[in-house]
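What follows draws every value from the coordinates through simple rules; no lab data is involved. Keep in mind that this is a model prediction, so the values were computed, not measured. Here Cβ is always computed from backbone atoms with ideal geometry, including for glycine, and neighbour counts include all displayed protein chains.
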Amino acid sequence: MMAGMARSFRPLRAAVAGLVLAAAPAGATTDSIPCDASLQARQVAQLLFGRNVEDRIRVSEADWSDFVAREVSPRFPDGFTVIDSTGQWRDARRGSILHEASKLIEIVLPGGGDDRVKIDAIAEAYKRRFEQQSVGLIIGPACVRF
């Protein structure tokens with residue numbers, strides 16, 4: 001019985017370990033993961049952009065396209081992916097769950113010493129231009145092939 005229970009908790013332990021690694025300070029994470037010969041170890045950044053200000057869409061599709069052309073494309077000309085998404089979070093002030101139209105940009109980082117500076121500049125430009133409190137950022141290792 002105990003052996004069966006231990007096996008059933010393996011996926012849970014793996015998920016918890018992944019969350020712990022994701023929450024660890026930047027210096028505590030590994031820079032790469034082992035990849036098979038057909039893939040390259042790289043870092044991937046995901047930037048999460050909310051489009052609302054005070055419960056209304058403030059960032060139109062035209063505004064978004066202009067922002068990407070001015071701020072993202074010049075910094076990462078080799079390419080990136082934009083995904084339409086919906087964000088959800090608990091508003092502590094109101095005590096309610098909110099949903100928001102969002103954009104996610106995923107970038108396979110080129111590996112230059114200035115990758116993080118470029119990402120931070122994009123986030124700051126968005127916050128300033130569209131009156132946003134924050135831009136979410138996830139950076140992690142990945143195995144990639146193009």
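Summary of computed values
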| item | result |
| --- | --- |
| Nearest-0.05 FRET efficiency for Ser65 and Ser134, computed from C-beta distance (R0 30 Å) | 0.85 |
| Karplus-derived HN-Hα couplings along the stretch 107-120 (A = 6.51, B = -1.76, C = 1.60, θ = phi - 60°), whole Hz, x at Gly and Pro | 10, 7, 5, x, x, x, x, 9, 4, 5, 4, 5, 4, 4 |
| Karplus 3J(HN,Hα) series, Hz, for the stretch 82-88 with 6.51 cos²θ - 1.76 cosθ + 1.60 (x for Gly, Pro) | 10, 10, 6, 8, 10, x, 9 |
| Charge sum, other residues only, whose C-beta stays under 13 Å from Val144's C-beta, Lys/Arg counted +1 and Asp/Glu -1 | -1 |
| Whole-Hz ³J(HN,Hα) from phi, Karplus 6.51 cos²θ - 1.76 cosθ + 1.60, for the stretch 43-49, glycine and proline x | 9, 10, 10, 10, 10, 10, 10 |
